[in-house]
1. Six or more apart or on different chains, Cβ atoms under 8 Å: show the pairs whose first residue is in segment A:103-128 and in the same structural domain as A:His24 (by the TED database) and whose second is open to solvent by 90 Å² or more (accessible area, probe 1.4 Å).
2. Considering only residues that are surrounded by 15 or more Cβ atoms within 10 Å (Cβ to Cβ) and of a type in the set (Val, Ile, Thr), which ones fall in segment B:265-286?
3. Which one of the conditions (1) touching a residue at least 12 places away in the same chain (Cβ under 8 Å); (2) exposed (fewer than 11 other Cβ atoms within 10 Å of the Cβ); (3) not basic (Lys, Arg) does A:Leu171 fail to meet, given that it meets all the rest?
4. Tell me, which residue of segment A:134-156 that is farther than 17 Å from A:Val74 by Cα and in contact with a Ser or Thr (Cβ under 8 Å, 6 or more places away or on another chain) is most open to solvent (accessible area, probe 1.4 Å)?
5. Within the group B:Glu165, B:Glu116, which residue is more than 21 Å from B:Gly57 (Cβ to Cβ), in a loop (DSSP other than H, G, I, E, B) and not assigned by the TED database to the domain that holds B:Ala18?
6. Quick check on segment A:286-322: of everything there that is more than 8 Å from every other protein chain (Cβ to nearest Cβ) and at pLDDT 90 or above, which residue is farthest from B:Arg405 (Cα to Cα)?
Amino acid sequence: MASSSSSGLTFKLHPLVIVNISDHYTRVKSQLNLPPSLTSTSSAATSNNNNNNSNGGENNQQKPPRVYGCVIGVQRGRTVEIFNSFELIYDPSTRSLDRSFLEKKQELYKKVFPHFYVLGWYSTGSDAQESDMHFHKALMDINESPLYVLLNPAINPAQKDLPVTIYESELHVIDGVPQLIFVRSSYTIETVEAERISVDHVAHLKPSGGSAATQLAAQLTGIHSAIKMLNSRIRVVHQYLVGMQKGDIPCESSLLRQVSSLLRRLPAIESEKFQDDLLMEYNDTLLITYLAMFTNCSSTMNELVDKFNTAYDRHSRRGGRTAFI
Amino acid sequence: MNSVEGLLTQIRGLSSTASDVLSLQNVLKQADESLHAESTRLLPFLDQLDPSKHSLGYLYFLEACTAGPVTTESASSFVLIIARFISSCVAEQIRLAPDKFISVCKRFKDQVLLLEEPLRGVAPMLTAVRKLQSSTEHLTTLHPEFLLLCLLAKCYKTGLSILEEDIFEVDQPRDLYLYCYYGGMICIGQKCFRKALELLHNVVTAPMSTINAIAVEAYKKYILVSLIHHGQLSTSLPKYASGVAQRNLKSLCLSYMELANSYNNGKIADLETYVQANMEKFGSDNNLGLVKQVVSSIYKRNIQRLTQTYLTLSLQDIANTVQLNRPKEAEMHVLQMIQDGEIYATINQKDGMVRFVEDPELYKTCEMIEHIDLSIQRLMTLSNKLTVMDELISCDPLYLGKAGRERQRFDFDDFDSVPQRFNI
């Protein structure tokens, strides 16, 4: 399971496939009823909890479930484009694949998307394993060279790229025995307009604290780091001067002259009116921030109260079937 | 008696490390029955234990001792023992058996009340509260007991110090109702009407499945304090108040609602006749003092209404409009209000004219910057906590089940096989 493929095929992956796999995995995991410290709120590709804490984990911790399914798409010449995916039931211990279900699904998808073929299969996990080869070979009667799409559900905040890898199978001769092994291939992400909108929507659902997504935040971060650097430089000069005063460092008049001229540069304006205006603007900005925080907080509170009333108020409005509009 | 002796040696032996204390707790739980059986003879054994080292064992013994009925003679000796125990016990050991600690402190409060010296109980109870709560945001059952003692001993300032803290976790809903109700009364006593209003509002809008007497009494005081502080009463409860409260509270406090109505009309004579007519009803609820304050606050409301109509007014005119007798009284009222910061005005003594001005705060000072900054920080922590709670409740199966039933249907598929329950 290594190196890069030499088949010369270019792969294009659609985000729909990634979202599908992630959704399948999250659903199965939450239905397993894991203890609350390990479950998380369900959302699409972004937040799956890291279950693989092998260092002194709890005794009742279950291994994260693996999910399986098929990927379908189009192959035109040397370009393979993976459009969609569907789920399959596969038991790795008995290696039993539900063939009839697979065929039925294929038929259904053929009716709607006549150009799509079964290109391969997907699963979740951190790395491709030996046992995966059996599933791979099982699919070989549908497609002579299936693909294996692997999604790693562990969340790694330091990781910058998608935890998705595509493997192909190649026949290599190892120790004189020809064997099929998995080799990695590179891929690009290709989006349709509808997918772009939904991915955008999902990305904005959970504004995490770490990302400086907006322009304002980026600008403020820039200013913040500049001020921090200025502060540290001033500290250095200050320490130097203190040392000179104590006598640890020999006095150098040229340096002292430079420091003095630097200090005389600021503050640029020193007058009553300037102070007034500065404080007034400072106060105004603070008040606007306060107002923004207030609005944010009230809106969260409002949603919370609504949810609470829906969940716990016994005599809330009866839910009826609303008319189809 | 052998079992008791054995228990004593075990306590002394197993009180050193945390794991020992846990095993000691199991031993004590099993021996609890036998301790209660011999409750009358346990008192001399208490001397053999040291409350600061063997807090858990001492607590079990103490709880068994005080299980019997409280009499005046035993009360004075017990009060001393319990007070000493509370001040010297170890918080971690106590938190292993919180209900026993709470029952001991409640007996303590009963005994102190029996001896009619609530002041003796205030300081030990404060220490007990601090030792029991796991953080300052945690409300324990001892909080309302402590506030009750403060109220009866009339030392409101100590009570106020506890009320300053924000509460985020509550053990029992009844604690919250009582805590906020007593807290409201303490704030009324100290004339901090704003905080009193906040606390009483909490009682009235707290989640409750059936109406309870604490909420009714709190609502009566809430009406009165709202009239004193704001000069008006909002007739409907906010939407986060429970449905039970919204439907029933008003009908249970009818005479107070009438009082609020006649207050709004602004005629002092009507208000006073109404108060006279219902004097004994207000008296039976112990609200007479508050009602009198409401009557005296109506003058303030009328003067405040004048600031919205006139720029300058003579003292004589003020006295006439507000139905006061002499301009001197009007001057006193206006002066008091300027001092309290309720209106902004200048009185010209020469010709007896009052000029109403606007709020002179210019929002240009450094103190204002600090004030706003602090408020922003507080708001940020609150916002974080709210987001966490919002996420928690979004995953609550009770909520998801009900939300699923009422979701919007835009497609033919949505009408079939509505998931009535999420199989979680």
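The values are calculated or read from the model by the stated rules, or taken from the named source; none is laboratory data. Source: prediction; values computed, not measured. Glycine gets a Cβ as well: all are built from the backbone with ideal geometry, and neighbour counts include every protein chain shown. All accessible areas refer to the heavy atoms of the entire protein, side chains included, with ligands and DNA or RNA removed. Shrake-Rupley method; radii C 1.70, N 1.55, O 1.52, S 1.80 Å.
1. Between residues of segment A:103-128 that are in the same structural domain as A:His24 (by the TED database) and residues that are open to solvent by 90 Å² or more (accessible area, probe 1.4 Å), the close pairs are A:Tyr117/A:Gln75; A:Leu119/A:Gln75.
2. B:Ile268, B:Val275
3. (1)
4. Step by step, filter segment A:134-156, then rank; the result is A:Ile155.
5. Working: B:Glu116 fails: not assigned by the TED database to the domain that holds B:Ala18.
That would be B:Glu165, the only listed residue that is more than 21 Å from B:Gly57 (Cβ to Cβ), in a loop (DSSP other than H, G, I, E, B) and not assigned by the TED database to the domain that holds B:Ala18.
6. A:Ile288
Conditions (1) among the basic types (Lys, Arg); (2) modelled with pLDDT under 85; (3) within 30 Å of B:Ile214 (Cα to Cα), marked per residue:
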position	(1), (2), (3)
B:Tyr274	no, no, yes
B:Phe282	no, yes, yes
B:Asp285	no, yes, yes
B:Ser296	no, yes, yes
B:Ile303	no, yes, no
B:Gln323	no, yes, no
B:Glu331	no, yes, no
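Here's the yes/no breakdown for (1) more than 14 Å from chain B (Cβ to nearest Cβ); (2) over 23 Å from A:Glu168 (Cβ atoms); (3) modelled with pLDDT under 90:
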{"position": "A:Thr10", "(1), (2), (3)": "yes, no, yes"}
{"position": "A:Arg27", "(1), (2), (3)": "no, yes, yes"}
{"position": "A:Ser30", "(1), (2), (3)": "no, yes, yes"}
{"position": "A:Pro36", "(1), (2), (3)": "no, yes, yes"}
{"position": "A:Thr39", "(1), (2), (3)": "no, yes, yes"}
{"position": "A:Ser43", "(1), (2), (3)": "no, yes, yes"}
{"position": "A:Glu58", "(1), (2), (3)": "yes, yes, yes"}
{"position": "A:Arg78", "(1), (2), (3)": "yes, no, yes"}
